[in-house]
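So the structure is just underneath, and the comments pick up after that.
The values are calculated or read from the model by the stated rules, or taken from the named source; none is laboratory data. Keep in mind that what you see is a predicted model, and the values were worked out from it rather than measured. A quick note on method: Cβ atoms are made from the backbone with ideal geometry, for glycine too, and the neighbour counts reach across all protein chains shown. We work out accessible area using only protein heavy atoms, side chains counted, and drop any ligands, DNA or RNA first. Shrake-Rupley method; radii C 1.70, N 1.55, O 1.52, S 1.80 Å.
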Amino acid sequence: TDGRRLVTLVTPDIGAGPVNIVVRDLPSPQDLPDASDASDTSGHPLFPTLAVSPYSVVFANRRFLLSEAQSYGSLLHIEKETSRTVFRRNLKIVEEFISDESHPKSLAFLLDPARERNFRTAFDRAFVARIKDGAARMFSAAGIRALAGCGYGLTPSGDDFIAGMLIGLNVLQALGDRNRRPLARRLFAAAEGANHLSNSCLRLARDGRVTERMQALISALSVRDSSGLVRMTRSVMAAGETS
């Protein structure tokens, strides 16, 4: 991070993404400095330096070569002839799969209210109430502020939900809907907070920049043959435990 934006080094099983640099044979954790034992003069932990140039990445004193042929185009795209009817039908298949297969503490209770039984503590019930309130007003700044930062996980569930909304607005626009960019910008402005990881995900979603897995799912939603849809949905769901 440079304090605002992020770049991520990942292994091939994670796959390509807007800010992912995919490299094989990353240094193992035991080969990296122990951040608990080392710090700079300001007291901040020291981590291996990452240097990125057009042709290489240097991390933990190891150089990984890059080439233009290896670059991933992350801008969301849908074939122009995609039928809204087909897309809506396929989306229903995804909805049913998510309702049946997602993590018990995911936000799938917004699709299947019976899943609220998985949230039993006072904290859990307050969480569900806040998410439902925000989701009911999700195209307003007040609704977004209710969702932002709310929930479990490395990126809170509410932030994941907002990122999904922003991707959805880009999908609608790609399907020939009216200009959704001004709304996406307003929702992002209401959601942006102190979590650099969430902010990065939200900014990319606002701009229609998606991971390889998400693009594969959107492409699968666009075609009449739905045989690969469940597999693509499962792949996206595997990217985060409760997301």
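Brief remarks follow.
- Projected-area mean, the chain, by convex hull of Cα positions, square nanometres: 15.9
- Extending 7 Å from the Cα toward the beta-carbon at both Phe139 and Leu111 defines two label points whose distance is 2.1 nm.
- Arg180 accessible area, 1.4 Å probe, all protein chains in place, Å² to nearest 10: 40
- Rounded to the nearest 10 degrees, the angle from helix 181-191 to the longest Cα principal axis of the chain is 70 degrees.
- Surface accessible to a 1.4 Å probe, Val223 within the full protein complex, Å²: 70
- Taking the charge dipole of region 42-148 about its Cα centre, with +1 at Lys and Arg Cβ atoms and -1 at Asp and Glu Cβ atoms, the residue from Phe97, Ala114, Val86 reaching farthest to the positive side is Ala114.
- Using Cβ point charges alone (K and R +1, D and E -1), the dipole size of the chain about the Cα centre works out to roughly 1060 debye.
- Formal net charge of residues neighbouring Pro18 (Cβ-Cβ distance under 13 Å; K, R +1; D, E -1): +3
- Bridgeable lysines around Lys105 (alpha carbons under 29 Å apart, same-chain partners fewer than 8 residues away excluded): Lys92, Lys132.
- Percent of Cα pairs exceeding the 19 Å cut-off, where the set is region 100-243: 54
- Charge sum, other residues only, whose C-beta stays under 13 Å from Leu6's C-beta, Lys/Arg counted +1 and Asp/Glu -1: +3
- Nearest-ten-degree value, helix 196-206 long axis tilted from longest Cα axis of the chain: 50
- Rounded tilt (10° steps) of 84-101 against the dominant C-alpha axis of the chain: 70
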